[in-house]
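Structure first, commentary second.
The values are calculated or read from the model by the stated rules, or taken from the named source; none is laboratory data. What you are looking at is a predicted structure, and each value in this text was computed from that prediction instead of being measured. Here the Cβ is made from the backbone with ideal geometry for all residues, glycine too, and neighbour counts use every protein chain on show.
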Amino acid sequence: MPGVHKGLLRTRFPRLRAPALEGEYDLNKANQQNGDKSIHSKTSLSRRTLKSLVSLLHDKMPSQPTAVAELYQIPVGFAERYNNADYRGPLIQELNDHIRYYLGFLESIRVELVKDFHGSFDFAVDSAGAVFSNIRHPFAGLYSGRHRIVIANEQRYSFQNICAILAHESTHNYLDIQSITLKNVDAEILTDIAAAYLGFGFVLLKGYETYGMSLGYLSIKSIKEVIHQAVKLRGWPISTLFESFETLFDKFRLWVPSLL
């Protein structure tokens, strides 16, 4: 089915890639030149590589990429409501709608919760062109076109995990609608980078850190670097980021961007 993207949770199968339609950046070449590498199934990119990718994304994005200029903030009290709910489906949908409004999308996107994912449209092509069909993916989230997001086994995830999954899959939707791709850049890595650029960086950090190495595609260090690179491009107030970063190193870098 066109427009189907695998979500966040790692599987034993090769990573799925979207067709590289447009763009001017060769990530494979950059990996060799800048010493980028994959750590524990997550990709860690150099500052130089991330600076180039964020700059390219910025040039391809609308002048005002989100309806709200500030960093995305989870609604006050939502975590408590979520944790105390017997059935969380409506709350997950409500949270996804809040993310959608932040991005400026008016059309509804349905969130479907499933215990597993197995069907005739469960297929994908890996980077080598091999087709996998009718298989079970232990994935967290899946963006299936512009009107549907699937989350598998939501009961195994914390509220912060769910927020990160929705942010990632909603960014898939954003990139699809805006027709933004970068040649030779893995679609899932690009989505994590774009999510942090759009304002979901701290949502990803909290969701990925609290679940471990199997959630997310980009390393924690690389996500932090994207946030640092996006500060001036997005015009975010440094005071807000200062409160959001936890380490003194990250806080200090807001005033000294060249700090290694």
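So which of 235, 199, 207, 216 is surrounded by fewer than 20 Cβ atoms within 10 Å (Cβ to Cβ) and touching a residue at least 24 places away in the same chain (Cβ under 8 Å)? Among 235, 199, 207, 216, only 235 is surrounded by fewer than 20 Cβ atoms within 10 Å (Cβ to Cβ) and touching a residue at least 24 places away in the same chain (Cβ under 8 Å).
Within the stretch 161-185, the set of residues being over 19 Å from residue 61 (Cβ atoms) and surrounded by fewer than 20 Cβ atoms within 10 Å (Cβ to Cβ) comprises 184 only. Given the structure, is residue 74 at negative phi and buried (at least 19 other Cβ atoms within 10 Å of the Cβ)? No; evaluated as a whole, the condition is false for this residue.
Check every one of the helices (runs of 4 or more DSSP H) wholly within the stretch 1-113 and list those with 3 or more residues that are touching a helix residue (DSSP H, G or I) at 6+ places or on another chain (Cβ under 9 Å), within 20 Å of residue 225 (Cα to Cα) and modelled with pLDDT of 95 or more.
Because the criterion is at least 3 residues that are touching a helix residue (DSSP H, G or I) at 6+ places or on another chain (Cβ under 9 Å), within 20 Å of residue 225 (Cα to Cα) and modelled with pLDDT of 95 or more, the helices (runs of 4 or more DSSP H) in the stretch 1-113 that meet it are 47-60.
Of all residues in the stretch 56-81, those satisfying the criterion of being in contact (Cβ under 8 Å) with a residue 40 or more places away in the chain and hydroxyl-bearing (Ser, Thr, Tyr) are 66, 72.
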